[in-house]
Amino acid sequence: MFKSAKPIWLENMENDMNLFVSFSAELDSVKNASLHVTAAFFYRVFVNGRFAAFGPARTAKGYARKDVIDLTSFDCGEGKNIIKIEVAGYNCHSFATCNHSSFLCAEVRRGEDVIAYTGRDFVGTRMTEKEQKVERYSQQRHFGEVWNYTNAKATDAPTVVLPEMPIVIDRVVPYPLYDNIYAQNAKVSGTFSYDESLPCRPNRYSFTESDYWGRFSEEEIPYKPFRWIQKQRQVIKEHNVLLPIELHAGEYVLFDLVHINCGFIQFDVQTKEECDLVVGFSEYCENDTFAFTDINAQNVIEYIMEGETNYSHISFEPYTLRFAVIMLKKGSLKLSAFGVKTFERDMSKAFIPEFENPVLNGIAKAAVRTFSHNALDIFTDCPSRERAGWLCDSFFTAQSEYFFFGKMPVEDAYLQNFYLYTPNEILPDGILPMAYPADIKRFGDRVYIPQWNMWYVIEVEEYINKRGANTDRELFRPSIEKFLAFLERYENEDGMLERVSGWNFVEWSDANTWTEDVNYPTNFLYAGTLLAAYRLYGNEKWKEKAEKIRKLTEKLSFDGEMFTDNAVRENGVLKNTGNTSEAGQYYAVIFGDIDIDAPKYKKLKEHILTGCKTVPESGRRFVPINAFIGLYLRITALLKLGYYKTLLEEMEYFFGGMVEKTGTLWEYRQMKGSFDHGFASFVLPAIYKAVKELSK
């Protein structure tokens, strides 16, 4: 894969946490040349001071994907051409990558000739301007960004060749779209001042910090901008302020980029004296006042800059934002530009339908934008807090990719990561990670989700048989057979799953509290999983078992009106609890092969058609679904049943308000969590099918 390049890093620093290193090489010309590059965690490339790329595409632990970047357009003609590769050595656990010792491996080729390579031509420099000891951005990702240019020391450090590196494999996904989006004016400008009475959450994380995930102690961290910004009271002075803008200590400006964008935050300033500037960003704000949303991520970057200097800065990591505030803690400067360099899937060749209904058209555009932010190197849940590749989420996002492009390069890479996965001592034999590539940590029982492994089998079957993937299905056989063998351990005397270990996840509602002892939605899903495995490999025993489980689950769980969620053992006998969730009905419809028009399902049909509200005839009601995965199960069920008009009406109601607020589709129905969640893009192929069927 590399002809000459060797993995390199600064001597004795390859395991240092949150260390950033710049590697530079000088060439006479880069015309007709290409950079072949990979690294642990992330890198970005500048050629002659111009941003060229961010990478690499993520993959399984023990592997690294190589990027190839054309350098011709960056050539400055005769003379010095400087290639600078900045590399993040995070060396911490996360949901966004697999942990690995830091390294860079790169070479410049012209045709078949290698004209520069790591191990000979690239000189390493520790990036002291990037503060090392900072807070985590989120527990699921890595560290936040604090840039202290008064601390920059351009001192070369000994660069050494490392004894080993991961197995290098090809990048199979398209390269991102890097576009520049700039604000033309600030929405408001004003002043700010410290107010002790304002509420402040010291750090905003989804779970408790621990040494396992990697952190610095409170005492080691000099800058805490996330806490600081929450204590600043804003006073609006002016609206719609055109750039450039003069700012002095105690003044701020708020930008509105119209809808959520995903990419690298960038700005141009000219400092008049030493400055301390804080950028806060948010997916949504109300009443022209900056505020963080409830997303459990510290959306803030701090910059300490020298005086009488021009700075054109771009954040190292990509983020998501609609709104951004710039608060000047110290000094004075002129702000001439603010915006985002996009980091998203190029949708210029995608199939994007248009509808007569303007609300549906708005939802379509939001679905496209949401997908483009979450389908770059893997399918991610969100491009903000996690950037994690969760199973089950991927089942829905994968259908969007095929709808848009008729091919599935990101699904190719995403599923390849799973069959390259090497089992470890944390997960039981036969279980795949619930999110990957990612690091795994035991949270009591919440170390794996058996249902997510079931969705993996179902996705693989659709990937091979419905989407016609070129990938050899035999590559998936070991993981699927081992998983089905794992589930067999939990089959009771009737062959149904009972008390399956792990974090049993049905959906984010009370349905998730009814998973013991025999969970009927899980058994419907198990039947679907076995059938998918049968369709892949033709094992008749799986087909027979699936039919037995399906029929028995339908018989035991249906009470004459609805499907109950679980049965518990009392004195050795299983007894239905009467717990009834809306989500459970959709598991039955999708995987239970029921005839909804049969007389026995008359009341159930009424429930489904009315959106699972109270039906006067019975007075009974389901525990309602949440957005994930309940809503997407409902969409799937409505499509299967042919209730297209109902589906379209509900899509307008559910998603229309999201479009107005963020131009993207959300994780929850409520305004919390991510407002830009990958699986939600599935609504567009669903809407398209419904509209198409109704037009026949």
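The values are calculated or read from the model by the stated rules, or taken from the named source; none is laboratory data. Keep in mind that this is a model prediction, so the values were computed, not measured. Positions of Cβ are generated from backbone atoms using ideal geometry, with glycine treated the same way; all protein chains shown enter the neighbour counts. Only protein heavy atoms, including side chains, enter the accessible area calculation; ligands, DNA and RNA are left aside. Shrake-Rupley method; radii C 1.70, N 1.55, O 1.52, S 1.80 Å.
Considering Phe395, Phe403, which residue is open to solvent by 20 Å² or more (accessible area, probe 1.4 Å) and of a type outside the set (Gly, Ala, Ser)? Selected residue: Phe403, the only one of Phe395, Phe403 that is open to solvent by 20 Å² or more (accessible area, probe 1.4 Å) and of a type outside the set (Gly, Ala, Ser). For the range 516-534, the candidate set comprises residues that are part of a helix (DSSP H, G or I) and of a type in the set (A, V, I, L, M); within that set, the residue that is surrounded by the fewest Cβ atoms within 10 Å (Cβ to Cβ) is Leu531.
Of the residues Glu238, Glu219, Glu246, which single one is open to solvent by 30 Å² or more (accessible area, probe 1.4 Å), farther than 29 Å from Phe54 by Cα and not in a strand (DSSP E or B)? Even if it seems obvious, please write down each step before you answer.
Details: Glu238 fails: not in a strand (DSSP E or B); Glu246 fails: not in a strand (DSSP E or B).
Result: Glu219 is the single residue among Glu238, Glu219, Glu246 that is open to solvent by 30 Å² or more (accessible area, probe 1.4 Å), farther than 29 Å from Phe54 by Cα and not in a strand (DSSP E or B).
Of all residues in the range 118-134, those that are touching a residue at least 24 places away in the same chain (Cβ under 8 Å) have Cβ atoms under 7 Å from Cβ atoms of residues that are among the basic types (Lys, Arg), 6 or more apart or on another chain, in Thr118/Lys6; Gly119/Lys6; Thr128/Lys153.
Taken together, Ser193, Ser197 contain a single residue that is without any contact (Cβ under 8 Å) to a residue 40 or more places away in the chain, out of contact with any helix residue (DSSP H, G or I) (no Cβ under 8 Å at 6 or more places or on another chain) and of a type in the set (Gly, Ala, Ser), which is Ser197.
Of all the residues in the range 644-672, those that are assigned to a loop (DSSP other than H, G, I, E, B) and in contact with a helix residue (DSSP H, G or I) (Cβ under 9 Å, 6 or more places away or on another chain) number 9.
All told, Asp593 falls short of being out of contact with any Phe, Trp or Tyr (no Cβ under 7 Å at 6 or more places or on another chain), part of a loop (DSSP other than H, G, I, E, B), farther than 17 Å from Thr636 by Cβ and open to solvent by 10 Å² or more (accessible area, probe 1.4 Å).
Of the residues making up the range 170-211, those that are within 15 Å of Ile326 (Cα to Cα) and surrounded by 14 or more Cβ atoms within 10 Å (Cβ to Cβ) are Tyr182, Ala183, Asn185, Ala186, Lys187, Val188, Ser189, Gly190, Thr191, Phe192. Considering (1) assigned to a strand (DSSP E or B); (2) hydrophobic (A, V, I, L, M, F, W, C); (3) within 20 Å of Ser282 (Cβ to Cβ), the lone condition that Val168 does not fulfil carries the number (3).
Which fully enclosed strands (runs of 3 or more DSSP E) of the range 55-123 have 2 or more residues being buried (at least 20 other Cβ atoms within 10 Å of the Cβ) and more than 21 Å from the chain's Cα centre (by Cα)? Break it down into steps so the answer makes sense when it comes.
Numbers: elements: 63-70, 81-89, 104-110, 113-117.
Ranges flagged: 81-89, 104-110, 113-117.
Here is the figure for the range 560-590: residues that are in a loop (DSSP other than H, G, I, E, B), of a type outside the set (Gly, Ala, Ser) and free of Cβ contacts under 8 Å to residues at least 24 places away in the same chain total 1. Taking the range 1-21 as the range and being under 24 Å from Trp147 (Cβ atoms) and open to solvent by 10 Å² or more (accessible area, probe 1.4 Å) as the test, the residues that pass are Met13, Glu14, Asn15, Asp16, Met17. Here Glu606 meets the list (1) out of contact with any strand residue (DSSP E or B) (no Cβ under 9 Å at 6 or more places or on another chain); (2) surrounded by 17 or more Cβ atoms within 10 Å (Cβ to Cβ); (3) over 30 Å from Val447 (Cα atoms) almost entirely, failing just condition (2).
If you scan the range 625-653, which residues turn out to be β-branched (Val, Ile, Thr) and either without any contact (Cβ under 8 Å) to a residue 60 or more places away in the chain or open to solvent by less than 10 Å² (accessible area, probe 1.4 Å) (or both)? Listed by number, the residues that qualify are Ile629, Ile635, Thr636, Thr646.
I'd like the full set of residues that are open to solvent by 20 Å² or more (accessible area, probe 1.4 Å) and touching a helix residue (DSSP H, G or I) at 6+ places or on another chain (Cβ under 8 Å), limited to the range 686-696.
Step one: list which residues in the range 686-696 are open to solvent by 20 Å² or more (accessible area, probe 1.4 Å), which gives 688-689, 691-696.
Tyr688, Lys689, Val691, Glu693, Leu694, listed by residue number.
Pairs are defined by a Cβ separation below 6 Å, a sequence spacing of at least 6 or placement on different chains, a first member in the range 359-387 that is part of a helix (DSSP H, G or I), and a second member that is among the aliphatic types (A, V, I, L, M) and open to solvent by 10 Å² or more (accessible area, probe 1.4 Å); the pairs so defined are Gly362/Val659; Ile363/Val659; Ala366/Val659; Val368/Met347; Val368/Ile352; Ser372/Met347. Keeping to the range 156-194, report how many residues are touching a Leu at 6+ places or on another chain (Cβ under 8 Å) and among the polar types (S, T, N, Q). Number satisfying all stated conditions: 4.
To keep it simple, each residue is scored yes or no on (1) assigned to a strand (DSSP E or B); (2) among the acidic types (Asp, Glu); (3) modelled with pLDDT under 95; (4) crowded, with 21+ Cβ neighbours inside 10 Å.
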| site | (1), (2), (3), (4) |
| --- | --- |
| Gly263 | yes, no, no, yes |
| Asp276 | yes, yes, no, no |
| Asp288 | no, yes, no, no |
| Ile326 | yes, no, no, yes |
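In summary, helices (runs of 4 or more DSSP H) completely within the range 408-489 and bearing 1 or more residues that are in contact with a Pro (Cβ under 6 Å, 6 or more places away or on another chain), open to solvent by less than 10 Å² (accessible area, probe 1.4 Å) and at negative phi occur at 409-419.
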